[in-house]
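Working notes, beginning with the structure itself.
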Amino acid sequence: MSCDPPHSIEFINNADSELKVKFKIDTTITNYDLNYIENKNADSIVFNIKEKDTAELHFGIGTWSDAEIRKQVNSLKEIDIENADFKKVLKSKRKMEEFLTKHKEGGIGWKTKIIIEIE
């Protein structure tokens, strides 16, 4: 039995409008973690999250070390987050990595989730 926890990116929409989150994927990079996504041939992953709802993107098992975040960011071109009130676009690898690292959470010594909460 393994003790590796599942790790994910969770989006919590506490705003009063629908939230759209889009990960634009660099299809020239092979990322086996993204193979868990239903539409494996797509060039993006899109979530439309109703107000006061959540969505989660799973990345298999493990923790969110800096190296793991860097690996995932390497397979992305852009992250777009928007609702009726704002739009945030992260285009550079450095900014995507900083943003995801800033939102790491989890248990004692184990950062298993990246939680992005929109108010």
Original post:
Which of the residues belonging to the stretch 57-67 are surrounded by 14 or more Cβ atoms within 10 Å (Cβ to Cβ) and outside any loop (DSSP other than H, G, I, E, B)?
Top reply: 57, 59
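Scanning the stretch 13-29 for residues that are part of a loop (DSSP other than H, G, I, E, B) and among the hydrophobic types (A, V, I, L, M, F, W, C), which turns out farthest from residue 90 (Cα to Cα)?
15
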**OP:** Identify the residue in the stretch 68-119 that is among the hydrophobic types (A, V, I, L, M, F, W, C) and in a helix (DSSP H, G or I) and, among all such residues, is most open to solvent (accessible area, probe 1.4 Å).
**Re:** 99
Subject >> Positions within the stretch 69-114 being of a type in the set (A, V, I, L, M) and closer than 20 Å to residue 17 by Cβ, in sequence order >> reply: 79, 81, 84, 89
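The values are calculated or read from the model by the stated rules, or taken from the named source; none is laboratory data. Since the model is a prediction, treat every value here as computed from it, not as a measurement. Note that each Cβ is placed from the backbone with ideal geometry, even for glycine, and that neighbours are counted across all protein chains shown. The protein model used for the area step is the full one, side chains on, heavy atoms only, and it has no ligands, DNA or RNA in it. Shrake-Rupley method; radii C 1.70, N 1.55, O 1.52, S 1.80 Å.
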